[in-house]
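J.: Take this structure first; my questions come after.
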Amino acid sequence: MPANRRRHANSVPVATFFAIVAVGAVLGTLALGFLWCKNDMNTTGVKIKKAEQELVQLRQRNEAAQAGIDSLKSTAHLDRQFRSGLYKRMEPVERLKSGGLVTVVQVQRVPGATGELRRVVNERRPE
Amino acid sequence: MNRRARNRAICACVVLVCGFTGFSIRLLYLQVTQYDHYAALARSKRCDRVVLVSRRGLILDRTGEVLVTNGPTKRLVIDGTRLTNPERLADLLVKHLRLDRTEVFQRITKTSYSKQTKKTGPQPYIVVQRNVRVGVAEAIQAELSPAGLDSAELKKQEIRGVSFEDSACRISANGSVLSHPVGYVNSNNTGVDGIERVMEADLRGTDGYRLIERTRKNEEMVRYRGMEVAPRNGNNVCLTIDMGLQMIVEQELAATIKKYDPEGATVIMMDPKTGHILALANRPDYNPNKQEGVDEKARLNLAIQAEYEPGSTFKIVSVAGVLNEGIFSPDSRIGCENGFWAWCKLRDHHAYAELSVNDVLVHSSNIGVAKLAARLGDDRFYEYMHRFGFGDQTGIALPGEIKGTVKPPYLWTSISMTRMPMGHEVTVTPIQMAAAFSVIANGGMLMTPLVVQSVTDEHGKVVKSYAPNAVRRVISTKTAEQVRDALIEVASKKGTAKDAQVSGFVVAGKTGTAQKLVGGRYSNEKSVCSFVGFMPAEDPAFVLLVLIDDPKAPREKSVGGLVAGPVFSRISERAAAYLGLQPTEPVPAETIIAKGGKTGGNVRRR
């Protein structure tokens with residue numbers, strides 16, 4: 001068969017077809033990628049929001065606990081506690097195995113003590 | 001084309017042109033003329049500005065103890081335009097918040113006219129309850145959309161349009177202690193009284209905000225977040241108050257109230273060298289954590305908002321005046337008319353022919369002090385009253401301070417000059433009297449009473465600090481020492497304030513007993529008893545004022561030396577132990593009483 005006829009007989013434009021398919025595939029992939037990115041941004045946003053809400057809740061709990069600690073640490077409360085005759089003594093860590101963390105004991109008055117509550121700090125006095 | 005068909009075509013064209021022209025004009029009107037209105041309407045549908053709440057600053061005492069803190073709460077807000085199931089919501093709020101059902105239902109279904117939509121309809125922002133505890137808010141939130149229902153039933157039961165905004169309430173860690181100086185805030189967390197009000201600018205933070213966009217379901221689209229400005233928390237305010245001393249004052253005052261059941265009482269402890277207020281307590285008081293039903297009288301800070309006739313404590317003005325002007329020396333003799341000065345009908349409690357200037361104070365002679373003031377003269381006496389700070393505000397950083405009443409000489413009557421030196425016909429505030437005694441304790445310098453020591457940011461860095469402020473020199477150092485020596489004798493065995501003594505220390509002070517005006521006449525039954533003094537006299541650590549208004553005691557015992565003096569003594573003794581003051585006087589062995597049981601007991605001086 002002559003070459004010019006063979007060209008006309010085999011007229012399917014394979015190259016064009018593949019080019020269109022390739023361009024379509026690229027465009028489709030880009031579109032899907034765009035959608036995936038958008039979806040991912042949305043999902044991340046929801047996660048961020050959830051994390052922020054958890055953070056807010058934690059902060060609020062922390063503030064509530066801090067307010068409670070401030071009230072329990074207040075001189076008025078400690079004074080009431082002290083004058084009620086009972087106070088809570090913290091046990092050393094090594095004794096924790098046998099008992100609880102806090103033990104309620106009767107106040108033992110120290111000879112020479114003035115009976116006033118005073119603030120104590122964990123600072124070493126200079127030798 | 002025939003003529004008829006052509007006419008039809010023209011008509012159609014004209015109609016089309018007119019129609020499209022109309023549409024175009026309408027489009028121009030909507031897109032150009034009304035652009036702002038519709039753009040804002042669209043923005044309001046999807047955009048929102050979320051407030052990022054700042055934290056109000058703390059109030060601390062001089063040692064850093066937290067006096068006022070914040071507790072997280074929620075503000076229950078309803079969007080009436082989106083609200084579903086108002087009946088069920090009302091039931092829910094009654095259950096969790098104990099609100100009146102009829103009232104709450106009316107509130108959540110209330111309608112109003114909207115300028116934006118030009119229609120009457122449900123309100124878009126209704127604050128139903130402030131300061132809802134976080135736990136309660138979470139419980140309500142959980143019940144808004146009940147779990148375990150199918151979609152049809154859920155749609156029927158679900159409550160929409162309810163939200164909780166972050167908020168905070170103030171918590172006074174010590175309850176009613178220091179309620180007057182610290183004050184309280186209103187429902188918007190704005191200071192109304194006390195330090196909360198005066199230091200509002202420092203305590204209040206600046207709220208931040210975030211611009212967001214919402215979906216149709218009112219959920220935030222995080223990826224479309226706009227500008228965000230972080231909140232700035234308020235600064236902390238450190239007071240000059242010492243909670244250790246405050247508690248001593250509170251306990252002794254409570255015991256006094258129990259014993260005498262007075263109408264009111266005030267105790268002020270002040271550092272005379274700096275003007276720092278170390279403790280301040282009034283009765284009646286209130287608990288800032290429970291604002292409902294508080295009597296308005298209990299909100300009065302008597303230390304700065306109550307004026308009273310001071311009685312004999314005012315005698316220091318005349319004595320200091322004559323000594324400072326060099327008119328008399330402490331040993332100069334003054335005739336005391338044997339207890340009754342006839343022309344002005346002035347009496348002394350005890351009859352004296354004559355007394356030294358010092359003894360006029362020691363024996364609290366009304367006649368003697370009237371004669372001293374007479375020698376000083378009207379104008380100079382009036383000037384000394386002002387120099388001691390009477391008739392003027394002290395400048396303490398608390399709201400509502402009054403000036404008291406010191407009449408100018410042209411308003412005096414013929415006997416005013418005999419009554420004012422003994423503390424009648426003048427009214428003063430307790431803080432003025434404490435500041436005036438600080439003049440004697442501080443070598444003649446009048447200091448501004450300070451309540452605020454410094455302002456720090458949330459990390460503890462000092463932003464502002466308030467240095468002691470000397471107002472003026474009132475009297476010379478020598479005169480101050482001379483008056484102090486006289487005041488020491490007042491609190492000695494021969495003076496009127498024997499019960500104010502503190503073992504181991506030298507006390508200087510003056511008693512005051514003023515009859516109260518009832519129905520325009522001085523009452524024989526009601527009096528204001530006070531004692532003002534300082535300790536140790538040679539180097540005062542504090543000035544202490546004790547004022548008891550109308551103690552319920554027998555008439556002869558209702559005097560400053562017997563009512564207020566012992567309170568001064570007890571507070572001073574405990575304060576000296578707290579401050580670690582070294583006794584300067586020997587303590588007699590027989591006055592040391594050993595108390596206690598098996599442990600050997602605590603040793604208490606009496």
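J.: Taking the 0 to 90 degree range and rounding to the nearest ten, how far is the long axis of helix B:560-579 tilted relative to the main principal axis of chain B, both from C-alpha atoms?
T.: 70
J.: State which entries of B:K493/B:K516; A:K73/B:K510; B:K478/B:K552 exceed 32 angstrom in Cα-Cα distance in the structure shown. Walk me through the numbers before you get to the answer.
T.: Numbers: B:K493/B:K516 28 Å; A:K73/B:K510 38 Å; B:K478/B:K552 40 Å.
Listed pairs above 32 Å: A:K73/B:K510; B:K478/B:K552.
J.: Exposed loop sites here are GluC sites (Glu not before Pro) in DSSP loop states with at most 13 other C-beta atoms within 10 Å. What is the longest stretch of chain B lacking them?
T.: In short, B:293-537.
J.: Also, quick follow-up: Using helices alone, what [θ] at 222 nm do you get for chain B, with -39,500 (n - 2.57) per DSSP H run of 4 or more residues, divided over all residues and rounded to the nearest 500?
T.: Result for chain B, helices only: -9500 deg cm²/dmol.
J.: Grab the eigenvalues of the alpha-carbon gyration tensor for the range B:399-554, scale each by 5, take roots, and send me the semi-axes largest first in whole angstrom.
T.: Over the Cα atoms of the range B:399-554, the ellipsoid semi-axes are 30, 22, 18 Å.
J.: Same structure, new question: Checking the cross-link filter: which aspartates and glutamates have an alpha carbon closer than 18 Å to that of B:K407, excluding same-chain neighbours under 8 positions apart?
T.: Correct list for B:K407: B:E307, B:E309, B:D378, B:D379, B:E383, B:D392, B:E425.
J.: I need the phi-derived Karplus couplings for the range B:522-529: 6.51 cos²θ - 1.76 cosθ + 1.60, θ = phi - 60°, integer Hz, Gly and Pro marked x.
T.: Per residue, the Karplus-derived 3J(HN,Hα) values read 6, 7, 7, 9, 9, 8, 10, 9 Hz.
J.: A further question follows. Ignoring ligands, DNA and RNA, what percent of the accessible area of the protein assembly as shown is carbon or sulfur (1.4 Å)? Mind showing how you got there, number by number?
T.: Numbers: 21770 of 39920 Å².
Carbon and sulfur: 55 percent of the exposed surface of the protein assembly as shown.
J.: Check each of the chymotrypsin sites (Phe, Trp or Tyr not before Pro) in the range B:74-171 and keep only those in coil by DSSP with at most 16 other C-beta atoms within 10 angstrom; list them in order.
T.: Those satisfying the criteria are B:Y125.
J.: Pick out, from B:H363, B:T405, B:P122, the residue whose Cα sits farthest towards the positive end of the charge dipole of chain B, with +1 on the Cβ of Lys and Arg and -1 on the Cβ of Asp and Glu.
T.: Of the options given, the answer is B:P122.
J.: Give me the Å³ per residue figure for the convex hull around the C-alpha atoms of the protein assembly as shown.
T.: Residue-normalised Cα hull volume stands at 376 Å³.
J.: What number comes out for accessible area per residue over the protein assembly as shown if the probe is 1.4 Å? Units Å², please.
T.: Working: 39920 Å² over 733 residues.
In whole numbers, the protein assembly as shown has 54 Å² accessible per residue.
J.: By its C-alpha gyration tensor, with a ≥ b ≥ c as the square roots of the eigenvalues, how is the range B:109-180 shaped: rounded for a/c under 1.5, else prolate for a/b larger than b/c, else oblate?
T.: In terms of gyration-tensor shape, oblate.
J.: Based on the alpha-carbon gyration tensor of the range B:48-239 and its eigenvalue square roots a ≥ b ≥ c, which shape applies: rounded if a/c is under 1.5, prolate if not and a/b is larger than b/c, or oblate?
T.: prolate
J.: Which residues of the range B:154-181 end up with at least 10 Å² less accessible area in the presence of all protein chains than when their chain stands alone, using a 1.4 Å probe?
T.: B:D166, B:I171, B:A173, B:N174
J.: Using only Cα atoms, tell me the angle between helix B:477-490 and the longest principal axis of chain B; keep it within 0 to 90° and round to the nearest 10.
T.: 80
J.: Mind scanning B:K315/B:K526; B:K403/B:K557; B:K259/B:K297 and naming the pairs with a C-alpha gap bigger than 29 Å?
T.: Long pairs (Cα-Cα over 29 Å): B:K403/B:K557.
J.: Something else now. At the nearest 100 Å², what buried accessible area, both sides summed, do you get for B and A when the probe is 1.4 Å?
T.: 2600
J.: Using only Cα atoms, find the angle between the long axis of helix B:3-28 and the longest principal axis of chain B, and express it within 0 to 90 degrees, rounded to the nearest 10.
T.: Result, in degrees: 20.
J.: Report the far tail of the P(r) of chain B, meaning the percent of Cα-Cα pairs longer than 42 Å.
T.: 44
J.: Also, quick follow-up: Given the range B:48-239, what count of lysine pairs have C-alpha atoms under 27 Å apart, with each pair 8 or more places apart or on different chains?
T.: 18
J.: Mind checking the range B:509-555 for trypsin sites (Lys or Arg not before Pro) that DSSP puts in a loop (not H, G, I, E or B) and that have at most 14 other Cβ atoms within 10 Å?
T.: B:K552
J.: Can you pull the semi-axes for the range B:243-602, root of five times each eigenvalue of the Cα gyration tensor, sorted largest first, whole Å?
T.: 31, 24, 22
The values are calculated or read from the model by the stated rules, or taken from the named source; none is laboratory data. Please read all numbers here as calculations on a predicted model, not as lab measurements. We place every Cβ from the backbone using ideal geometry, glycine too, and count neighbours over all the protein chains shown. All accessible areas refer to the heavy atoms of the entire protein, side chains included, with ligands and DNA or RNA removed. Shrake-Rupley method; radii C 1.70, N 1.55, O 1.52, S 1.80 Å.
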